[in-house]
Every structure is written in C-alpha cells, then in structure tokens.
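A.B. asks: Below is the structure I would like to discuss, written out as structure tokens.
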Amino acid sequence: MSRSIRRPGSRKASSKTTSEHFGAYLKERREIAGLSQAQVAESLGYSSPQFISNWERNLARPPMKALQSLAKLYTVPRDDIFSALLTAVLTETEAELHEKFYGSRKSR
C-alpha cells in the first residue's frame, strides 16, 4: 500500500506534480514582489536571468543560500519557502523510489 506524505496545512496536488508547483511558487512570489527575473538575478549576484528562469521552469533548483536570499527578497517567511521545497523533494523522492521498487512511476 502506497501513501503520500502530507504536511499539516498542505494542499492536495492537482494534475501538476508538487515539484512543478515549486517552480510556479517561486515565479508567483517573484511576480507578487514586483520583480523581473533580471532584477532577481542581479540581486543574487547571477550574471544572467536564465538562472531564475530555470528555477521557475523546474529545470534546476536554487541553492540553499539563494533560497534564503529569495525569502528576504520576496518578503516571505523562510519557513514558507522551506516547506514548499521540502514538499517538492519528498514528492520527487517518493516517485523515484516507487519507480525503483515497482519498476514504473507512480501515477498522480
């Protein structure tokens, strides 16, 4: 029997995977803060806004130091970003373990 791990106060995922929601979460928080990808990149010391774009499209994950800076930049509690990251990592890990154990990805 397979169970999903849910944290208190977490919402059930829609057709998008939780890891896809993490990128969307970062994009939403940036837009609410009224910042462009270029402004965020410059604030974090990156040479290109492509780094931010990659995070928001789930092609890469920001380093921990960058996530802590994003919390300040976007004026959101660090716990909110940490919770979103943790949920994404747990969901991805569960899917990977399911595939290794059962030989196929768990459908969501």
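Here is a yes/no grid of residues against (1) under 21 Å from Ser43 (Cα atoms); (2) modelled with pLDDT under 95; (3) surrounded by 14 or more Cβ atoms within 10 Å (Cβ to Cβ):
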{"residue": "Ala66", "(1), (2), (3)": "yes, no, yes"}
{"residue": "Leu73", "(1), (2), (3)": "yes, no, yes"}
{"residue": "Pro77", "(1), (2), (3)": "yes, no, no"}
{"residue": "Thr87", "(1), (2), (3)": "no, yes, yes"}
{"residue": "Glu94", "(1), (2), (3)": "no, yes, yes"}
{"residue": "Ser104", "(1), (2), (3)": "no, yes, no"}
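Here's the yes/no breakdown for (1) in contact with a Lys or Arg (Cβ under 9 Å, 6 or more places away or on another chain); (2) acidic (Asp, Glu); (3) part of a helix (DSSP H, G or I):
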| residue | (1), (2), (3) |
| --- | --- |
| Ser43 | no, no, yes |
| Ser48 | no, no, no |
| Ile52 | yes, no, yes |
| Lys72 | yes, no, yes |
| Ala88 | yes, no, yes |
| Phe101 | no, no, yes |
| Ser104 | no, no, no |
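The values are calculated or read from the model by the stated rules, or taken from the named source; none is laboratory data. Since we're looking at a predicted model, the values are computed, not measured. Cβ coordinates were reconstructed from backbone atoms using ideal geometry, including for glycine residues, and neighbour counts include every protein chain displayed.
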